[in-house]
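Since the structure comes first, as structure tokens, the remarks are kept for the end.
The values are calculated or read from the model by the stated rules, or taken from the named source; none is laboratory data. These numbers were taken from a predicted model, which means no experiment stands behind them. In this analysis, Cβ positions are derived from the backbone assuming ideal geometry, glycine residues included, and neighbour counts consider all displayed protein chains.
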Amino acid sequence: MTQLLLIINPGSTSTKVALFENQTQLIKKTINHDPVTLKQFKRMIDQYDFRKQTILDFLKESNVNLNHLTAVVGRGGLLKPLASGTYLVNDQMKQDLQNAIRGEHASNLGALIASAIAEPLHIPAYIVDPVVVDEMHDLARYTGMKDIQRVSTFHALNQKAVAKRAALDMGKPYDSLNLIVAHLGGGISVGSHQKGKVIDVNNALDGDGPMSPERSGSVPLGPLYRMCFSGQYTLDQIKRMNYGEGGMVAYLGTNDGIEIMKKIKSGDELASKIHEVMCYQISKEIGAASTVLKGQVDAIILTGGFAYNTLTTDLIKSRVDFIAPVLIYPGEDEMLALAEGALRVIHHEEEVKVYA
Ligand SMILES: Nc1ncnc2c1ncn2[C@@H]1O[C@H](COP(=O)(O)OP(=O)(O)OP(=O)(O)O)[C@@H](O)[C@H]1O
Ligand SMILES: CCCC(=O)O
């Protein structure tokens, strides 16, 4: 039977919308949001009406008859730690997202907008592999500060989708392989996939791991806490140095990979240096992940927007290809992964999970 699925993927800089007939993408649009427009909204939830309207406008322009939809699928946000899978959007989930119980992120809007569109049509809304998928082993949860625990927050949807695609291309089941997946997007996460489970990963949102186009990644704690208590900065300013205004954008004034590549090609030495620093830090994180997997690594996978750049992938490759073959899957597979997650539960191949 034909299933018509509306897919909604809110990112920090854009909202991606697609319509799938079963596994076939019929239409897709990436609606890029002007940073000045987004800056007007204090909290992520304040963007709800704006983002929802842009989606509805696109569906109207594309003459999509909403009455023909079978389900709406959104990218899942900062919820309680969850097992990988497809979840029905329910009241508890919506309440937790509205209250941002685990923090602010654009993906928090995925379930809320999906549900608002699905409810009047009396069809289900789902999320798949939200950013809080937690398969971390016990050792990875500890830090040297007794009161601080590491939590799993990463590009779970794309990391899982691309790892499964690579496994298919390698002719082996995903759960028989050890893979290191580095998602190189606006944020950067490097996951250690051990036989189908992401047993360790840097927290891409919370100042852990390599710097990224718009995040600081890990910094030494001493200078950071002295800054925090110097009286010169507000909490909000410090947060922005870590998230949104940290990393490449702090040095180069832009988080746009294409613009950064243009700068490098035109001989901008600072751009070239900072790009090399980012690649060095990503390589170090991959090296660390190889110890998590005790050196038994079948492949290293580079994915996300920055994996389109051969300059980036070559620099990383030159430092890590002694560990395992490096495979490049540029961009993301998130829209198909969302559609497939919903189809698996619609076809009863997998049981739908309930958020509590
Ligand atoms: N062809 C390209 N060449 C260089 N950089 C690119 C290219 N395409 C995208 N990028 C860069 O990749 C980054 C975004 O990657 P991606 O879409 O994977 O991000 P994300 O973290 O999933 O989410 P968001 O889009 O919300 O930042 C941006 O810095 C973008 O400029
Ligand atoms: C938490 C993963 C998503 C991101 O880094 O934006």
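So here's what we get for this one:
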read-out: Verdict on residue 109 being within 14 Å of ligand 2 (Cβ to nearest atom) and either touching an Asp or Glu at 6+ places or on another chain (Cβ under 9 Å) or assigned by TED's automatic domain parsing to the domain that holds residue 243 (or both); value: no
read-out: Residue identified as within 16 Å of ligand 1 (Cβ to nearest atom) and of a type in the set (Ser, Thr, Tyr) among 86, 30; value: 30
read-out: Enumeration of residues in the range 295-329 that are of a type outside the set (Val, Ile, Thr) and within 13 Å of ligand 1 (Cβ to nearest atom); value: 302, 304, 305, 306, 307, 308, 309, 311, 329
read-out: Selected residue (criterion: nearest to ligand 2 (Cβ to nearest atom)) from residues of the range 77-103 that are in a loop (DSSP other than H, G, I, E, B) and out of contact with any strand residue (DSSP E or B) (no Cβ under 9 Å at 6 or more places or on another chain); value: 78
read-out: Within the range 33-50, tally of residues that are more than 12 Å from ligand 1 (Cβ to nearest atom), without any contact (Cβ under 8 Å) to a residue 40 or more places away in the chain and in a loop (DSSP other than H, G, I, E, B); value: 4
read-out: Matching entry among 320, 345, 326 (being in contact with a strand residue (DSSP E or B) (Cβ under 7 Å, 6 or more places away or on another chain) and closer than 30 Å to residue 115 by Cβ); value: 345
read-out: Filter result for residue 106 (more than 18 Å from residue 341 (Cα to Cα) and within 16 Å of ligand 1 (Cβ to nearest atom)); value: yes
read-out: Residues (under 13 Å from residue 159 (Cβ atoms) and within 12 Å of ligand 1 (Cβ to nearest atom)) located in the range 177-215; value: 182, 183, 184, 185, 187, 188, 189, 204
read-out: Unique match (being over 29 Å from residue 260 (Cα atoms) and in contact (Cβ under 8 Å) with a residue 60 or more places away in the chain) among 151, 181; value: 151
read-out: Residue satisfying condition, being modelled with pLDDT of 95 or more, surrounded by fewer than 24 Cβ atoms within 10 Å (Cβ to Cβ), away from ligand 1 (no atom under 15 Å from the Cβ) and closer than 30 Å to residue 252 by Cα, within set 221, 121; value: 221
read-out: Single match in 304, 287, 267, 247 (criterion: at positive phi and surrounded by fewer than 20 Cβ atoms within 10 Å (Cβ to Cβ)); value: 267
read-out: Pairs where the first residue, in the range 6-22, is part of a strand (DSSP E or B) and the second is of a type outside the set (S, T, N, Q) and near ligand 1 (Cβ under 9 Å from one of its atoms), C-beta under 7 Å, 6+ apart; value: 9/16; 9/334; 10/106
read-out: Qualifying residue in the range 14-26 (condition: more than 22 Å from residue 71 (Cβ to Cβ), within 16 Å of ligand 2 (Cβ to nearest atom) and either in the same structural domain as residue 99 (by TED's automatic domain parsing) or touching a Lys or Arg at 6+ places or on another chain (Cβ under 6 Å) (or both)); value: yes
read-out: Residue list for the range 12-30, filter: of a type in the set (Val, Ile, Thr) and more than 29 Å from residue 188 (Cβ to Cβ); value: 24, 27
read-out: Residue within the range 239-246 that is within 24 Å of residue 158 (Cα to Cα), within 16 Å of ligand 2 (Cβ to nearest atom) and part of a helix (DSSP H, G or I) present; value: yes
read-out: Any pair with Cβ under 7 angstrom, 6 or more apart, that starts in the range 270-292 at a residue that is of a type in the set (Asp, Glu) and ends at one that is modelled with pLDDT of 95 or more; value: 276/315; 285/190; 285/202; 285/209; 285/210
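Residue by residue, here is whether (1) in contact (Cβ under 8 Å) with a residue 24 or more places away in the chain; (2) touching a Cys at 6+ places or on another chain (Cβ under 6 Å); (3) within 24 Å of residue 204 (Cα to Cα); (4) surrounded by fewer than 14 Cβ atoms within 10 Å (Cβ to Cβ) holds:
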residue: 52; (1), (2), (3), (4): yes, no, no, no
residue: 60; (1), (2), (3), (4): no, no, no, yes
residue: 67; (1), (2), (3), (4): yes, no, no, yes
residue: 79; (1), (2), (3), (4): yes, no, yes, no
residue: 89; (1), (2), (3), (4): yes, no, no, no
residue: 109; (1), (2), (3), (4): yes, no, yes, no
